[in-house]
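Novice: The following block contains the structure, expressed as structure tokens.
The values are calculated or read from the model by the stated rules, or taken from the named source; none is laboratory data. Just so we're clear, the structure is a prediction, and the values are computed from it rather than from any experiment. Counting neighbours? That spans all protein chains shown, and the Cβs are built from the backbone with ideal geometry, glycine included. The area values use the complete protein model at the heavy-atom level, side chains included, leaving out ligands, DNA and RNA. Shrake-Rupley method; radii C 1.70, N 1.55, O 1.52, S 1.80 Å.
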Amino acid sequence: MKLVRLRNLALGLIFGAFLLMYLGVFVRSLLPAFFLVGLLMIAVSIGIYFRMGAISMRIPQVECPNCGKTTKVLGREDACMFCRTPIRIDENGEIMPS
């Protein structure tokens with residue numbers, strides 16, 4: 001699912017930023033540069049989380065035809081968050097068989 005991938009990217013940016021800033025402790029000459037790049041990575045991840053939260057509020061929720069759980073579909077075609085079944089939605093908001 002696209003939302004999950006973007007959230008994973010944001011989480012990876014945060015972990016990468018912490019790792020980069022921690023490595024800066026061992027390389028004293030590059031500490032300011034590592035710190036600034038790490039802060040920039042954290043700022044980008046905060047922006048991604050904020051934008052995904054705003055988008056997530058407007059996404060239609062549908063019931064997955066395979067597992068029966070309620071999932072969010074971003075765009076016309078997406079995958080179930082739980083079972084990864086492809087889900088397509090037509091113009092009327094009806095679930096189409098994949």
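Novice: So with the 1.4 Å probe, I'd like the accessible area per residue for the chain, rounded to whole Å².
Specialist: Counting only protein heavy atoms, the per-residue value for the chain is 69 Å².
Novice: In whole Hz, with x marking every Gly and Pro, tabulate ³J(HN,Hα) for the stretch 28-37 from phi via Karplus 6.51 cos²θ - 1.76 cosθ + 1.60, θ = phi - 60°.
Specialist: Result, ordered by residue: 4, 6, 9, 4, x, 5, 4, 5, 5, 5 Hz.
Novice: A further question on this structure: Please report the accessible area of I42 (heavy atoms, 1.4 Å probe, ligands and nucleic acids excluded) in Å², nearest 10.
Specialist: About 40 Å², ignoring ligands and nucleic acids.
Novice: Please work out which option in (i) 5.8; (ii) 7.8; (iii) 7.2 gives mean projected area of the Cα convex hull in nm² calculated from these coordinates, and answer with its label.
Specialist: Evaluating mean projected area of the Cα convex hull in nm² on these atoms matches (iii).
Novice: Something else now. Would you mind calculating the relative contact order of the chain from Cα pairs under 8 angstrom and at least 6 residues apart, reporting the percent as a whole number?
Specialist: Taking the mean separation of contacting Cα pairs over the length of the chain, I get 22 percent.
Novice: Continuing with the same structure: May I ask for the net charge around R76, where only other residues with Cβ less than 13 Å from the Cβ of R76 are counted and Lys, Arg are +1 while Asp, Glu are -1?
Specialist: With Lys, Arg at +1 and Asp, Glu at -1, the neighbours total -3.
Novice: In addition: Projected onto the charge dipole of the chain (+1 at Lys/Arg Cβ, -1 at Asp/Glu Cβ, origin at the Cα centre), which of M81, L6, V44 gives the Cα projection farthest towards the positive end?
Specialist: After comparing all options, I get V44.
Novice: Counting only protein heavy atoms, what percent of the accessible surface of the chain is carbon or sulfur at a 1.4 Å probe?
Specialist: The C+S portion of the solvent-accessible surface of the chain is 66 percent.
Novice: Turning to a different aspect of this structure: Scan around V73 for amide H atoms under 5 Å from its own, H built in the peptide plane at 1.01 Å from N, and keep only partners 5 or more places away or cross-chain.
Specialist: Amide H neighbours of V73, under 5 Å, 5+ apart: V62.
Novice: While we're here: Which GluC sites (Glu not before Pro) in the stretch 64-97 pass both tests, a DSSP loop state and at most 13 other beta-carbon atoms within 10 Å?
Specialist: Passing sites in the stretch 64-97 are E91, E94.
Novice: With +1 on each Lys and Arg Cβ and -1 on each Asp and Glu Cβ, how big is the dipole of the chain about its Cα centre, in debye rounded to the nearest 20?
Specialist: 340 debye
Novice: Next question. Step through the residues of the stretch 69-81 one at a time and calculate ³J(HN,Hα) from phi using the Karplus curve (6.51 cos²θ - 1.76 cosθ + 1.60, θ = phi - 60°), rounding each to whole Hz and writing x for Gly and Pro.
Specialist: Coupling constants for the stretch 69-81: 8, 7, 9, 9, 10, 9, x, 8, 9, 8, 10, 5, 5 Hz.
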